[in-house]
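Step one of this worksheet: look at the structure below.
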Amino acid sequence: MNIDRRRNLGPANVKPLVFAESAPAKQDPDTRVFLETGLIQNCNGSSYLENDKTIIITSVYGPRPNFTRSFNDQANLKINVELSKFLPLDNFKDNQKNIVPDKDRLVSSLESFLLSNYQSLILLQNYPKSSIEIFVQVVALNPTHSLLYTLKNILNSVSVALVDSGLNIKAIACSGYSGSDSHETVVNFAAKDEILGIWSDFQDFDSTFDQSIDACENDSAQLRKEINGYLLKKATKNAS
Amino acid sequence: MVLSTAEKSYIYESLSGENTLRTDSRKYNEFRPLKAACSFVPNCNGSSRVYTADGIECITSVKAKVVKTKDLANLIAVEVDIEGQRDNSALCLDLSALLQRSLVNNFDYEILRLTDKYYFQIYVDVLILSVPGDFKNSSYTLYSLLSLISMGSYLALKSCKLPLLTSTTNDREIEEEPSFADDWELATDLIPESSEFQPVLVFVVGLVGSNVIIDPSLDEEQVLENGVCIGYSQGNIVPPIQSVALSTVDGKPFDRKTLAKATGLVKEIGQPVTQALDAILSEEVDEYGSVF
Amino acid sequence: MSRLELYSPEGLRVDGRRWNELRRFECRTNTHPHAADGSAYVQQGNSKILCLVKGPMEHGANLAAGTKLDANGPVLSITINYPPFAANDRKKRQKNDRRLQEISIILKRCFMKTIVLKNYSRTVIDISLTVLAMDGGLLACFCNAITLALIDAGISLYDYVSAISIGLFDQTPLLDMNTLEESDLSFVTIGVVGDSDKLNLMLCEDKIPLDKLERLISLGIEGCHRVKQLMDHQMRVAGQELQERQ
């Protein structure tokens, strides 16, 4: 007789265990943004950005004198990203593959990406012998937001804080996001067709890559209109 | 070398000009000469050494371990260590994160599978032996190491050998620990020759004016306006497509045409670079290596 | 005790050597001509070590801030790179691993006695060691690699320092231990100056009966002399090549 020692088959009358569907249906992210500048008093510029339960606070310090040994002919830009404790980082995954990322590495990648963006935006050569520091705090995070979507919010928050700080910048940057199930792209635009930085995990590279950049550009243009409107309103209010 | 303003402007003008004249008279799509060797560390499943003429050397090792897991994304661990830099320095963390992300996103997990429960865990350890002495007071960054590191990991993964599995795999549901042949002569390749899969290569492309250059040298980096790293695997562009800071001064935004040029460049040179690396792999290395 | 028979009654060790036999010793110099002033690669059995020497120079890149230059001799800075893949089982080590720091201090003391100090006052010599694969004899390999790299860098030494580890199995001394033997037996590492009987380096971290120590050391000195010959041979070959090139 053939005995099923390894229990390959199991008892004959079993029923598979089925759990109720627990994940909620995927919704389009709420793109409405609440923005306020100048809330923090002791820094040179700040912004508060809220988007669908994600809260990001950015403060800009500088230009301040920099006393290093060597002479630097342009400002030294430092960017510091802080992800608050207990943020739900599970969704900061790459492309459906759930990496729960190492937090240090994540922060460091964000910092270096921001640095590469704003290094070419701020006119650093106007501030010799000084340093400029930007602190980004992600205070709260919507658990459904992906890494790149949050990155877009961070970029916009930093751009607005820079305007508030009155530092010399080449343009007001504004980033756009486009995402689908298979890929996500964030592009930071200094102006139309002027890319400051791109971060994309585009799997099947073809003509749709261009489309996704188009989508980013549209997204950024729309946001830019809003941000410009807000900044103008604020400026005229201050003037009057 | 720290460049003077005049030198910078000279190099910038010639790079951004019509013909992309580079300081070492390379073409825009030409690499600096590289040397490489594989499988010279006896303790590792796969290893490689890639070094350039300017003394930067990258040693990569791949070690495999059998683990019981369901979480496939954790099967690849990457650690980059740079001589003279702390383990938690921004550069080390960044390069590790970038390489890990690019490998994890483009990996064929089938080749790591033993049974439904057991997988090979792969550790990729990268060691940069020496960095240029003037690194601290110059305006270039070392993100350009990324392309060297990715070539190192490509070679190490391709040369990685695993012991022959002797236990059965057909009853995959069974919780049976895999067992392996003792004879190392029977070892199989991690990536079998029949497999289409190639580990990802990451190229660093420098952007200057409306020109793109591959593999920027340290002198060139100081005048570059921007940079992107672009992944390549099996004839296609794969993630990451990400901008990196190659220089800390005089950055500028770039337009979409330049970005398209950069991806086009990577598509064009990906194949020859892969072929060159595969040629290195086919060279035999004797165990008592003449590697050094 | 381990399951392995470390020394068989017929007089064979786990890897088939006799008690007084060295492992295969290979070395190269000037392996990294562009990266450093002097470089060497040493292979003892399955242990592989790289050594890069930068200097003598006025400022050291890896020197801690505030270190004063010495008017009477060079400041030696020895950094040890022990990557996680070097040992048989992958294990991550901290940069400031205590054992490695201790080894670096021991090596520093040894080479401060070997370098002709008066030639290098107010300079820095940077030595960086990288372990590619480790199969026993860590300190000995380091010492041999540094000697070769210093010679390659053209730094004046009084003589070669060659080092070897010797273990004790019951009554028998065993020359040049590998990892398996090191983990089970007590051993001592010695470094010898040139062809003399002078010890420049000695490290013993285990218990060894005092009456056996002399036998261990005399076997070790013989082993060191042999290693010195092999290094000297390699240096002469390298010198010849250099001459032919000119």
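The values are calculated or read from the model by the stated rules, or taken from the named source; none is laboratory data. All of these numbers come straight from a predicted model, not from anything done at the bench. Positions of Cβ are generated from backbone atoms using ideal geometry, with glycine treated the same way; all protein chains shown enter the neighbour counts.
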| Given (1) at pLDDT 90 or above; (2) closer than 21 Å to B:Val124 by Cβ, index of the condition B:Thr188 fails | (1)
| said: Looking at B:Leu93, B:Leu103 in this structure, which one is part of a helix (DSSP H, G or I) and in contact with a helix residue (DSSP H, G or I) (Cβ under 6 Å, 6 or more places away or on another chain)? | reply: B:Leu93
| query | Taking the stretch B:91-120 only, how many residues are acidic (Asp, Glu), at pLDDT 85 or above and surrounded by fewer than 18 Cβ atoms within 10 Å (Cβ to Cβ)? | reply | 2
| said: Condition first: aliphatic (A, V, I, L, M) and more than 10 Å from chain B (Cβ to nearest Cβ). Now tell me which residues in the stretch C:132-146 satisfy that. | reply: C:Leu138, C:Leu139, C:Ala140, C:Ala145, C:Ile146
| Among the residues of the stretch B:68-90 satisfying the criterion of being among the β-branched types (Val, Ile, Thr) and within 12 Å of chain C (Cβ to nearest Cβ), which is surrounded by the most Cβ atoms within 10 Å (Cβ to Cβ)? | B:Val80
| Condition broken by C:Leu107, with the remaining ones in (1) part of a loop (DSSP other than H, G, I, E, B); (2) away from chain B (no Cβ under 14 Å) satisfied | (1)
| query | What's the number of the condition C:His59 fails, among (1) within 25 Å of B:Ile128 (Cβ to Cβ); (2) without any contact (Cβ under 8 Å) to a residue 40 or more places away in the chain; (3) exposed (fewer than 15 other Cβ atoms within 10 Å of the Cβ); (4) of a type outside the set (D, E, K, R)? | reply | (2)
| said: If I filter the stretch C:2-23 for residues that are free of Cβ contacts under 8 Å to residues at least 40 places away in the same chain and within 9 Å of chain B (Cβ to nearest Cβ), do I get at least one hit? | reply: no
| The listed residue being in contact with a Gly (Cβ under 9 Å, 6 or more places away or on another chain) and either more than 10 Å from chain C (Cβ to nearest Cβ) or assigned to a strand (DSSP E or B) (or both), out of B:Ala64, B:Ala6 | B:Ala64
| said: Looking at the stretch B:230-248, I want the residues that are facing chain A (nearest Cβ under 7 Å) and have a partner that is of a type in the set (Asp, Glu) with Cβ atoms under 7 Å, at least 6 apart or on another chain. Which pairs are those? | reply: B:Pro239/A:Asp201; B:Pro240/A:Asp201
